[in-house]
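One structure is given here, and the rest of the page talks about it.
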């Protein structure tokens, strides 16, 4: 069992209306020190696989085909063993 | 200048319709090995602050007051120096 932690963010230079809205909200609440906010997606995908190479291959494919819009988004991920499995279940 | 990387996820046990939808999509695309998907938010908040303690205090407050819904969401964050600043700007 492997856990993929996937971070999908907008590519630099792409307008981030959600980030702008959050920044506006934070400033309105008095957090004057905020100079930029970028908002993205964080996904945890649990895979019934132990082969890290195969898991990496599948996660790359999942990101390219579904999880990230290649035109405006970029992604990175890590592969970990889910908490509490401690290696072979 | 400090960069807060904030991860907002649903608390364990809270139903995740978005995660269910993504899992359905991945299975429909043939990724049978996917056993669970959880979807959350990833935010990068840039702060015009160098005092890590003060930055941490403000980020905690931002999360509690705006970025995470305390009833169903949990959050964690890291504080880093933005890439390319190399310490004192």
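Read the figures in this text as sums done on the coordinates, not as results from a lab. Everything numeric in this text was worked out from a predicted model, so none of it was measured. Every residue, glycine among them, receives a Cβ derived from its backbone with ideal geometry; neighbour counts consider all protein chains shown.
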If we keep just the residues of the range B:64-79 that are facing chain A (nearest Cβ under 9 Å) and within 16 Å of residue A:39 (Cβ to Cβ), which is surrounded by the fewest Cβ atoms within 10 Å (Cβ to Cβ)? B:66
Within the range B:14-47, residues over 25 Å from residue B:72 (Cβ atoms) and crowded, with 17+ Cβ neighbours inside 10 Å come out as B:31, B:33, B:46, B:47
Residues that are more than 19 Å from the chain's Cα centre (by Cα) and not in a loop (DSSP other than H, G, I, E, B), drawn from the range A:35-51: A:35
Determine which member of the set A:61, A:32, A:54 is within 24 Å of residue B:24 (Cα to Cα), more than 17 Å from the chain's Cα centre (by Cα), within 11 Å of another protein chain (Cβ to nearest Cβ) and not in a strand (DSSP E or B). A:54
Scan the range B:8-27 residue by residue and report those that are farther than 15 Å from residue A:47 by Cα and either touching a helix residue (DSSP H, G or I) at 6+ places or on another chain (Cβ under 7 Å) or free of Cβ contacts under 8 Å to residues at least 40 places away in the same chain (or both). B:8, B:12, B:13, B:15, B:16, B:17, B:18, B:21
